[in-house]
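**Student:** This is the structure I want to talk about, given as structure tokens.
The values are calculated or read from the model by the stated rules, or taken from the named source; none is laboratory data. Predicted model only: the values in this text are computed from it and were never measured. Glycine gets a Cβ as well: all are built from the backbone with ideal geometry, and neighbour counts include every protein chain shown.
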């Protein structure tokens, strides 16, 4: 069982590293996830043979992500920790705190770029006007793509099961030829979203 535990801990560390997190964060979550009882920092230091300072820093990061919570025991001055056992809740917390924030920052930046290009194109002439229009079309494509992705992330964070057949149709709708200038706003598409094959907000 010890070998299985070590392999799982190392694998989760590699997964964390792959997604841009600290490898130790993944290993700490794995240690707590496999523990039937809450553990102290000293327990985790011993298990992973890491420094207490490093473990403490990464545990606090896991707490911020909602992957780990602190447990208090009566008459015990030590801090105990346990993993969030609901994997989906843990993943949605990461999506909300990191991925959606990044996505929304990119959308904001693209919105600003599109506005600047639209303003510049009003006075541009000749080749400059052609270039401005080309840039505008490309920026608009990216903006619509990220807004569509943000919509899917929002659905996932809210806990809705995504009908991927519908998602595929929506992604195609976002790039239909009847909107060659890319002017259709994805808010229109969001109103057509479907969760588990039903229009959003539909009652059972």
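**Student:** Would you pick out the residues in the range 59-86 that are out of contact with any helix residue (DSSP H, G or I) (no Cβ under 9 Å at 6 or more places or on another chain) and assigned to a helix (DSSP H, G or I)?
**Tutor:** Answer for the range 59-86, where residues must be out of contact with any helix residue (DSSP H, G or I) (no Cβ under 9 Å at 6 or more places or on another chain) and assigned to a helix (DSSP H, G or I): 60, 63.
Yes/no matrix, rows are residues, columns are (1) at pLDDT below 90; (2) surrounded by 15 or more Cβ atoms within 10 Å (Cβ to Cβ); (3) part of a helix (DSSP H, G or I):
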| site | (1), (2), (3) |
| --- | --- |
| 5 | yes, no, yes |
| 12 | yes, yes, yes |
| 25 | no, yes, yes |
| 28 | no, yes, yes |
| 36 | no, no, no |
| 43 | no, yes, yes |
| 46 | no, no, yes |
| 54 | no, no, yes |
| 57 | no, no, yes |
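**Student:** Which one of these is within 26 Å of residue 154 (Cβ to Cβ) and touching a residue at least 40 places away in the same chain (Cβ under 8 Å): 80, 29?
**Tutor:** Criteria check complete, one pass: 29.
**Student:** Take residue 67 and tell me if it is under 23 Å from the mean Cα position of the chain (by Cα) and surrounded by 14 or more Cβ atoms within 10 Å (Cβ to Cβ).
**Tutor:** yes
**Student:** Exactly one of these conditions fails for residue 20: (1) in a helix (DSSP H, G or I); (2) within 30 Å of residue 139 (Cα to Cα); (3) modelled with pLDDT under 80. Give me its number.
**Tutor:** (1)
**Student:** When you scan the range 74-96, do you find a residue that is surrounded by 14 or more Cβ atoms within 10 Å (Cβ to Cβ), at pLDDT 85 or above, more than 27 Å from the chain's Cα centre (by Cα) and not assigned by TED's automatic domain parsing to the domain that holds residue 147, even just one?
**Tutor:** yes
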